[in-house]
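Scroll down for the structure; my scribbles are underneath it.
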Amino acid sequence: GEAYNRLIAGILGNPELAKWKYLLTMEDDNLPPSDAHIRLLETIEWGKYDAVSGIYFTKGDLNMPMAYGSPEEHKRTGVLDFKPLDVRQALSSGTVLEVTGIAMGCALWRMDLFREVQPPWFVTTSDIIEGKGTVCFTQDLAFCQKAKAAGKRFAVDLRVKVGHLDINTGVTF
């Protein structure tokens, strides 16, 4: 989280870079399609989203989609949830899915988002939850939680299918 905070602060503090409209985050274990940046830009502009990511899955045997929480459920209950969504139907049709949280591995962010949400933007936390043990809250979802509280919108573009490489085994999920 701290590396991302320094990156954002550095961009916003630089007179030339501060003019940027977007920031694309791409992590080194993600294998995006060659047109990912174009499709993400189309989606962020078309949907009026504050950030949009490609779809990829967690590494390992569980393989959960990194598309978190239902905005409809949040509106209905007031509870902000970050459970991985079932994306099978949306994935087969290649649609855009509005979510409450996205991962940072292949995502396009409006720079205004970082001007409107106060730092620190990214914080990794661990909480001990009774009956569940230690639960880690990643920096991307911690930021989404903070941004959602400020009324921001996120989506996953299921046209942008991203491989998630396990560098230890060479397996791509």
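The values are calculated or read from the model by the stated rules, or taken from the named source; none is laboratory data. Model, not experiment: these values are computed from the prediction. Every residue, glycine as well, gets a Cβ built from its backbone with ideal geometry; the counts of neighbours run over all protein chains shown. Calculation scope for accessible area: heavy atoms of the full protein, side chains included, ligands and nucleic acids excluded. Shrake-Rupley method; radii C 1.70, N 1.55, O 1.52, S 1.80 Å.
Residue-by-condition table, conditions (1) over 16 Å from the mean Cα position of the chain (by Cα); (2) outside any helix (DSSP H, G or I):
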position: Leu7; (1), (2): yes, no
position: Pro15; (1), (2): yes, yes
position: Glu45; (1), (2): yes, no
position: Lys48; (1), (2): no, yes
position: Asn63; (1), (2): yes, yes
position: Glu73; (1), (2): yes, no
position: Phe82; (1), (2): no, yes
position: Leu97; (1), (2): no, yes
position: Ala107; (1), (2): no, yes
Practice task
Six or more apart or on different chains, Cβ under 9 Å: which pairs go from a residue in region 66-95 that's more than 15 Å from Val160 (Cα to Cα) to one that's open to solvent by 50 Å² or more (accessible area, probe 1.4 Å) and among the small types (Gly, Ala, Ser)? Could you list them?
Solution key: Leu80/Ala149
Handout entry: Trp46 open to solvent by 50 Å² or more (accessible area, probe 1.4 Å), in contact (Cβ under 8 Å) with a residue 60 or more places away in the chain and under 23 Å from Glu116 (Cα atoms)
Key = no
Problem - Enumeration of residues in region 80-109 that are open to solvent by 40 Å² or more (accessible area, probe 1.4 Å) and touching a helix residue (DSSP H, G or I) at 6+ places or on another chain (Cβ under 7 Å) - result: Leu80, Asp81, Val96, Leu97, Glu98
Practice task
Could you tell me whether region 26-34 includes any residue that is acidic (Asp, Glu), free of Cβ contacts under 8 Å to residues at least 24 places away in the same chain, more than 30 Å from Asn168 (Cα to Cα) and surrounded by fewer than 17 Cβ atoms within 10 Å (Cβ to Cβ)?
Solution key: no
